[in-house]
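**Student:** Okay, handing you the structure first.
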Amino acid sequence: MCEVHLLFFFKMKATVYIFGNFTSGYSQYPEDNYTRYLFSSISKSRKSATELVYHRNGELTYYIYTREIANSTNSFIGLCYVFNGILITDFSYLFEIFEDTITNIVVTGEILEFKDDGSLSTKVSQLYTNPAELQRISDYLNSKLSSLGRFAEKLPPTNFSISNSEWKTFSFEQTEAIPTAIKAYSNIRVLKGKNYETDSLKGYAFKLKTLSAERTSLSNEIVKLKEENANLNRQKKQIKWVLFLLLLILIGGIIFYFYAKDKTQIIEGNTVTISSLENDIQKKNQHIKSLKNDSTNLTNKLDDVKSRLSKVHNELQKNTATYLYFDSWTSTNYGQPNSTSKIIYSFYAHSGDKLNIPYFVSSESNCDFLTIDLKRNGYSSERLVYTSGVQSSTYSYTFSTNDSYQLIVSYYKDGSVNRNHDNGGVHRLSIYQPIMENLRKMSEYNE
């Protein structure tokens, strides 16, 4: 049984699809009519915030993951693996891979991003607006295929006792029953309505939501205090007009005093009123001063919140991506039959580091080959690239263990004729930590 699983591990390949419904409607990558109809139909019949659907069509098996965005059934993103003749039985682990990929997409921030309240939103109206990011996501999902090998089985014959149109539905808590059901049914739906966020995604969302709520609360308090301050200033102006009128009355009363001494009490009463109003003005001025102090304190609190956000940004900036570049190399055995030209790069890598290998070959197809192998200290070599003809591409590899490594690049010529440029090589080799660059992008704060 171990030998069978090992054989599947080396032969296992998958086609990756990315699709979704954004502000300008449905789109997918790559495009084809059958999957477009399949993904659209499955998406319209979703019954949970996140779902994982298994669909079989002959020898092809589809594992279709959908996730709603911003708590909206009309807005969603989907990911799909398509295998030929292979059955993956562990749906719990498939959920982990797809949820981790969603986190990776959000951290990159090219298609999905966080809003100020911590919820997710789409950054594009259609998927085709960012083909480079779609290819990166596809490569990321393909990099997870090796870990699925231990759950791969040969696809059993179709069970014709059950209709191809019949569906079997499970909750996420019932995944232990799926390995049996998946061998009988062509359509299985697994619902997961909660706990579908990774810890890192929940942490970023919670921090953004908390800081946004705090900033909004302080801003509302400042607006309220400014309105109260304006009202008090208006009252102060009204009191001055009252004082002016009272002064006129007082002058009139003095004039009238010479005409009628019996009006003396009125004048005295007005004098008392003026004194009372002056005291009231003094109290109002003290109140205004107190409100200004409160406004200043709240402004300081808002500045403190901004400072804390800036510290988060600066802290992330300290963790800048670590880059390591290697010299380019081109084979030197042009026109030398039955010869090999090679170079060995030695380096140390950390878990999570990503190795980018841009390579090229221009040779006789199926005769003269460019080979790239990766060897970990104390372990057998792992073959990454084996190609001939005219090719130019980039291979990406993510390290899972801290250790010393050797990258062996070689160009082998057989005894036949020379074709094309008869050479191969690599250029712009680099090792870096992409997660640090993504975290720094997420920490950007526009004051």
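The values are calculated or read from the model by the stated rules, or taken from the named source; none is laboratory data. Since this is a predicted model, take the numbers as computed values, not measurements. Counting neighbours? That spans all protein chains shown, and the Cβs are built from the backbone with ideal geometry, glycine included.
**Student:** If I ask for residues that are assigned to a helix (DSSP H, G or I) and among the β-branched types (V, I, T), which ones from region 105-142 would you list?
**Tutor:** Of everything in region 105-142, those that are assigned to a helix (DSSP H, G or I) and among the β-branched types (V, I, T) turn out to be I105, V106, V107, T108, T129, I137.
**Student:** Going by the structure shown, is E382 assigned to a loop (DSSP other than H, G, I, E, B) and either at negative phi or surrounded by 15 or more Cβ atoms within 10 Å (Cβ to Cβ) (or both)?
**Tutor:** When the stated conditions are applied, E382 does not pass them.
**Student:** Could I ask something else about it? I'm told A132 meets every condition in (1) under 19 Å from Q28 (Cα atoms); (2) surrounded by 16 or more Cβ atoms within 10 Å (Cβ to Cβ); (3) hydrophobic (A, V, I, L, M, F, W, C) except one. Can you identify the failing condition by its number?
**Tutor:** Failing condition for A132: (2).
**Student:** Right, here's the next one. Output yes when any residue across region 352-359 is in contact with a Ser or Thr (Cβ under 6 Å, 6 or more places away or on another chain), in a loop (DSSP other than H, G, I, E, B) and touching a residue at least 60 places away in the same chain (Cβ under 8 Å), and no when none is.
**Tutor:** There is no residue in region 352-359 that is in contact with a Ser or Thr (Cβ under 6 Å, 6 or more places away or on another chain), in a loop (DSSP other than H, G, I, E, B) and touching a residue at least 60 places away in the same chain (Cβ under 8 Å).
**Student:** Just for strands (runs of 3 or more DSSP E) wholly inside region 393-437: which have at least 2 residues that are over 27 Å from T101 (Cα atoms) and touching a residue at least 60 places away in the same chain (Cβ under 8 Å)? Show your work before the answer.
**Tutor:** Values: elements: 403-413, 423-426, 430-432.
Output list reads 403-413, 423-426.
**Student:** For residues that are at pLDDT below 80 and among the small types (G, A, S), scanning just region 257-299, find the one that is nearest to N231 (Cα to Cα).
**Tutor:** The selected residue is S295.
**Student:** Among the residues of region 105-120, which ones are surrounded by fewer than 20 Cβ atoms within 10 Å (Cβ to Cβ) and among the polar types (S, T, N, Q)?
**Tutor:** Within region 105-120, S119 is the sole residue that qualifies.
**Student:** Turning to a different aspect of this structure: Hey, can you tell me all the residues within region 321-349 that are surrounded by 12 or more Cβ atoms within 10 Å (Cβ to Cβ) and among the charged types (D, E, K, R)?
**Tutor:** Listed by number, the list holds a single entry, K342.
**Student:** How many of the residues in region 105-156 are of a type in the set (D, E, K, R), touching a Leu at 6+ places or on another chain (Cβ under 7 Å) and at pLDDT below 90?
**Tutor:** Summing the residues that are of a type in the set (D, E, K, R), touching a Leu at 6+ places or on another chain (Cβ under 7 Å) and at pLDDT below 90 in region 105-156 gives 2.
**Student:** Those residues that are surrounded by fewer than 18 Cβ atoms within 10 Å (Cβ to Cβ) and farther than 13 Å from F326 by Cα, I need them from region 350-359; list them, please. Walk me through it before giving the result.
**Tutor:** Filtering region 350-359 down to residues surrounded by fewer than 18 Cβ atoms within 10 Å (Cβ to Cβ) leaves 350-352, 354, 356, 358.
Residues satisfying the conditions are H350, S351, G352, K354.
**Student:** Still on this model: Condition check: in a loop (DSSP other than H, G, I, E, B) and of a type in the set (G, A, S). Does S146 satisfy that?
**Tutor:** no
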